[in-house]
Each structure stands twice: as structure tokens, then as C-alpha cells.
Amino acid sequence: MISKEMSTLIKKILLFSCLIVLIPFIIVTIFIRDDDITFNFSQNSTVRVYRESTQDIDIVPIEEYVIGVVAGEMPIDFELEALKAQAVAARSYVMIQMERNINNNYDVVDNVTNQVYLDSNYLMSVWKESYTNNISKIKLAVLSTKGEYISYNGKVAEALFFSTSPGYTENSEDVFENEVSYLRSVESPWDKISPVYSTSTTLSLNDFCNKLGIDYSDILNIQVIDKTNTGRVKRIKINNREMTGNFVSLTLALKSTFFEIVQENNKIIINNKGYGHGVGMSQYGAQGMALEGYNYKDILKHYYTGIEIKNF
């Protein structure tokens, strides 16, 4: 039989052993939470930005990069909640690019190939005396959403965005072929506030034919073969030549593929709605929602179907 003194000693040894095992766990649980560990990682994360004008590669902290993108991609007079939505979308987009380009020389290009990025030197030169107020507003939008990104099914979402919709955004497969579950067509009635919601281009009949490479005729035979559900032109036939709506839009420098071609004698008038590819978040739609009192999470969840907003 074990004596009382021996029993007490054994209990003390077991207790001491348990503490040796548990103390590190307790310290990690209380003082080093998961978000702290990730925060340190994200704080040290940098984006490799290819500067097209100089052909240099700048190494930029991710939040500083997002500040430069918000400055380059969204008007400074937009509401703070719209700027916050842009910040989260821009951060999500660059996270995808960083993962894809891990083995390449750079992550993103500083123009519309990826996202427009403007550094502080450039912004100081164009904003001049307004620089301090403007950059403070953008920093507030970015730092108040620090580390936040858009997630779908546990993965970072590719948060595409564009300027102005004609009233609806587009399903991804109607523009880029691949069907993406969170890039669904949604209503966007707020875009009417955009200065480029509705535009018009006029060309001579001769210029129109030359630019599109079609045979000249006094009267055009125009047939829209295929449209998206929202009315964007996917395929069109003009004087027996079939082409994509994207080709027409790019060749004639139109703002979107939502267009109508009207002939008036020797003039061609092209009526256009919206600006950009139409997939994901409409920036002027975001501004309209912000003006109506929606917050940035409302905006993001409207334009990206079924997503969550997470933090590093």
C-alpha cells in the first residue's frame, strides 16, 4: 500500500507534469492568438509592382499598395464606404495575383492590365495642396479595413471591378468565358449617377467601315446575332462580316459592349451605356449605394454573390 506521503508526492509530480505541458498552450492561446500570428505575417507581406514607365520592380508593403490602388482606381470625392469597398476588392485582387505569380519576377503591373497603382510622389505632384487631405481620406478607408479580403468557399475571391454598369452587372462567363459562382449578374440601378452612364460616338460612314475592315456600302446591313441577358452585344454581323461585340468596342474605342449602331445617311451614331467589362463591382454603383447609407460590407455582398469578408 502507498503511504499518504508518497501519494501526495505522486500527485504533485503529475500536477507539475501537466503544467509543463499546458503552460505553453496557455501562453499561445492567451497571448498569441491566430490573428496575431497572421497579422505579423501580413505586416511583412510585400507586393512586387512592375512599373511600366521605368520597367523597374518596386517592392511595396501590401497596405501601401492598396492605398495607391484606391487612389488610382476610384475618384477621391467618392464616399468613404465606397472607398472602403474598393480597398477590400483591391486587396483581394492582389492577393490572388501574389499567389499566381509566386514564381515570377513580379506580382502585378501598375496599370489597367491589373490595377492602376499610383505612388505617393506622383500623387503629391497632381494633388498638390490637396494631397494631405486626399491621402488621409484614402488611408482611413484602407487602414479601417486593414487585412480584410473577400472569401468564397474558404478561398480568396478574384474581386473584379469596373466603372459603370448599364443597370445590371454581367455573369462572368458572358464576358470572360469561365463561370465563377460569386461573379453573378446583379441589378445596379445606382449607376445613373455616373457621368459615363450614357455616351454617344459619331463617325463618318467611311471611317466606320475602314476601322472595322468591312466593305463600304451606302446602307449598312446590321444584325445583332447574340447578346448577354442584360443586353451587351456578344456577336454582331455588319455587311456580312461577323465579329464580336468586344472587337467592335475595342476597335471603335467605345466604353462598353452595351451599344446600338444607328445610321443616318453618311453618319454612324453609336449609342453606348456603361463603362468597362461589367463583371463584379460597379464603382459608381458602390458610390450610389454609399450615398443611400449602405456600408462597405453591404456593397461588397451585393456585387459578389455569396461571399464572406475575412481578415488575414
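The values are calculated or read from the model by the stated rules, or taken from the named source; none is laboratory data. Every value quoted in this text rests on a predicted model; they were computed, and no experiment measured them. FYI the Cβ positions are ideal-geometry reconstructions off the backbone, even for glycines, and counts take in every protein chain you see.
The residue that is surrounded by the most Cβ atoms within 10 Å (Cβ to Cβ), among those in segment 197-219 that are part of a loop (DSSP other than H, G, I, E, B) and of a type in the set (Val, Ile, Thr), is 214.
Quick grid of which residues meet (1) of a type in the set (Lys, Arg); (2) under 18 Å from residue 200 (Cα atoms); (3) in contact with a strand residue (DSSP E or B) (Cβ under 8 Å, 6 or more places away or on another chain):
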{"residue": "243", "(1), (2), (3)": "no, no, yes"}
{"residue": "262", "(1), (2), (3)": "no, yes, yes"}
{"residue": "267", "(1), (2), (3)": "yes, yes, yes"}
{"residue": "270", "(1), (2), (3)": "no, yes, yes"}
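The residue that is surrounded by the fewest Cβ atoms within 10 Å (Cβ to Cβ), counting only those in segment 220-241 that are more than 18 Å from residue 202 (Cβ to Cβ) and among the β-branched types (Val, Ile, Thr), is 225. When each of 136, 144, 130, 165 is tested for being in contact (Cβ under 8 Å) with a residue 60 or more places away in the chain and over 30 Å from residue 230 (Cα atoms), the lone residue that passes is 144. Each residue in segment 242-253 was checked for being of a type in the set (Val, Ile, Thr) and surrounded by 17 or more Cβ atoms within 10 Å (Cβ to Cβ), and 1 of them qualify.
Number of residues in segment 135-161 that are within 14 Å of residue 75 (Cβ to Cβ) and either over 21 Å from the mean Cα position of the chain (by Cα) or not in a helix (DSSP H, G or I) (or both) equals 1.
Scan segment 213-228 and tell me whether some residue there is under 27 Å from residue 114 (Cα atoms) and assigned by TED's automatic domain parsing to the domain that holds residue 254. Looking for residues that are under 27 Å from residue 114 (Cα atoms) and assigned by TED's automatic domain parsing to the domain that holds residue 254, one finds at least one in segment 213-228, hence yes. Just one residue in the set 187, 158, 173, 179 is buried (at least 18 other Cβ atoms within 10 Å of the Cβ) and not hydroxyl-bearing (Ser, Thr, Tyr); that residue is 158. If the condition is being more than 12 Å from residue 65 (Cβ to Cβ) and of a type in the set (D, E, K, R), then segment 107-149 contributes 128, 129, 137, 139, 146, 148.
For segment 71-94, the criterion of being farther than 26 Å from residue 133 by Cβ, assigned by TED's automatic domain parsing to the domain that holds residue 289 and surrounded by fewer than 18 Cβ atoms within 10 Å (Cβ to Cβ) is met by no residue.
Yes or no, residue by residue, for (1) more than 17 Å from the chain's Cα centre (by Cα); (2) outside any strand (DSSP E or B):
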| position | (1), (2) |
| --- | --- |
| 235 | yes, no |
| 260 | yes, no |
| 284 | no, yes |
| 299 | no, yes |
| 310 | no, no |
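When the test is whether a residue is touching a residue at least 12 places away in the same chain (Cβ under 8 Å), surrounded by 21 or more Cβ atoms within 10 Å (Cβ to Cβ) and assigned to a strand (DSSP E or B), residue 66 does not pass it. Only one entry of 115, 97 meets the criterion of being under 16 Å from the mean Cα position of the chain (by Cα) and not in a loop (DSSP other than H, G, I, E, B), and that entry is 97.
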